[in-house]
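The values are calculated or read from the model by the stated rules, or taken from the named source; none is laboratory data. Note that this is a predicted model, so its numbers are computed, not measured. For neighbour counting, all protein chains shown are included, and Cβ atoms are generated from backbone atoms with ideal geometry for every residue, glycine included. Ligands, DNA and RNA are stripped out before the accessible areas are found, and what is left, the full protein with its side chains, is counted by its heavy atoms. Shrake-Rupley method; radii C 1.70, N 1.55, O 1.52, S 1.80 Å.
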Amino acid sequence: MKVKLISHTPEPERMVAMSARLCYSPVGAEELVENMSNTQVEKLVSKIVEMEHLSTLEHVSFTFAIEGVSRVLTHQLVRHRIASYSQQSQRYVSEHDFEYIMPPAIAANELAKAKFEKLMGTIQSTYNELVELGVHKEDARYCLANAAETKIVVTMNARTLLHFFELRCCARAQWEIRSLAELMLKEVKKIAPLLFKKAGPTCITSNYCGEGELTCGRLAAMQGSAKK
């Protein structure tokens, strides 16, 4: 899996601070951007995040180039609606030598791994044969597996990212998209550490777990440690 932050709003934390200050200031946005000190920006952003007044975070966005992930992952990813996506097309891009993602649980089991690899080989042969028979790629792709590797460009604003991290950094999230979320969080923290200081699953951000009986137990462990 490869995740790279390829673009973002310039000075995202200053933009968030300016947007928040504008709501209570008689001067315009341009003047606020120029005159706010770094200390003022840091204090205001920290206060905004702490109080969860997050509407101003919607003014800054981050764009990621993501490779080496499966269609299983992207089917989950695009459920996050306040975002923009551009994905490699199986309709136009040939899959004659498609790569695939193997789950660790399968890779760790020799028999399961052998069966998985055999199936991927069969799928590849079938796809190639269909194309050779004159079937267009857009129809031949119907036999491809969810494991097929794909590439996608994703843009999210900071508020959406915080929500994404709450859901997908959770230990209960599926392993592949959890790995993606952790890498994305690592990237944005380099650019906007204050905005994403508390980012992560709700057990960390809000002292809350919505998984009920399916909880991983981390919140209870954290609370138990705090009482000692």
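For the stretch 95-147, the Cβ-based charge dipole about the Cα centre amounts to some 240 debye (Lys, Arg positive; Asp, Glu negative; other atoms uncharged). For the stretch 95-147, the alpha-carbon coordinates run over 38, 15, 14 Å along the three principal axes, in decreasing order.
Among the lysines of the stretch 125-228, pairs at least eight places apart or on separate chains and with Cα atoms under 16 Å apart come to 5. Put simply, the Cα atoms of the stretch 40-141 extend 65, 36, 18 Å along their principal axes, the longest span coming first. Take the alpha carbon gyration tensor of the stretch 142-221, find the square roots of its eigenvalues, order them as a ≥ b ≥ c, and report rounded if a/c is under 1.5; if not, report prolate when a/b exceeds b/c, else oblate. Note, shape of the stretch 142-221 comes out oblate.
Here the chain is treated with +1 on each Lys and Arg Cβ and -1 on each Asp and Glu Cβ, and its dipole about the Cα centre works out to around 760 debye. Computed from Cα positions, the angle between helix 158-168 and the longest principal axis of the chain comes to roughly 50 degrees.
Measuring nothing but protein heavy atoms, the accessible surface of the stretch 156-228 at 1.4 Å probe radius is 54 percent carbon and sulfur. The sum of -39500 (n - 2.57) across all DSSP H runs of n ≥ 4, divided by the residue count of the chain, sets its helix-only mean residue ellipticity at 222 nm to -14500 deg cm²/dmol.
Against the criterion of solvent-accessible heavy-atom surface with a 1.4 angstrom probe, His75, His8, His53 sort, most first, into His53, His75, His8.
Positive-end ranking of Tyr100, Met184, Tyr127 along the dipole of the stretch 74-228, with charges on Cβ about the Cα centre, is headed by Met184. Loop sites here are chymotrypsin sites (Phe, Trp or Tyr not before Pro) outside DSSP states H, G, I, E and B with no more than 10 other Cβ atoms within 10 Å. The longest part of the chain free of them is 93-228. The C-alpha atoms of the chain define a longest principal axis, and helix 218-227 lies at about 40 degrees to it. Only protein atoms count toward the accessible area here, which uses a 1.4 Å probe; on the stretch 95-147, the carbon and sulfur part of that area reaches 53 percent. Every Cα-Cα pair of the chain was included, and the share exceeding 28 Å stands at 46 percent.
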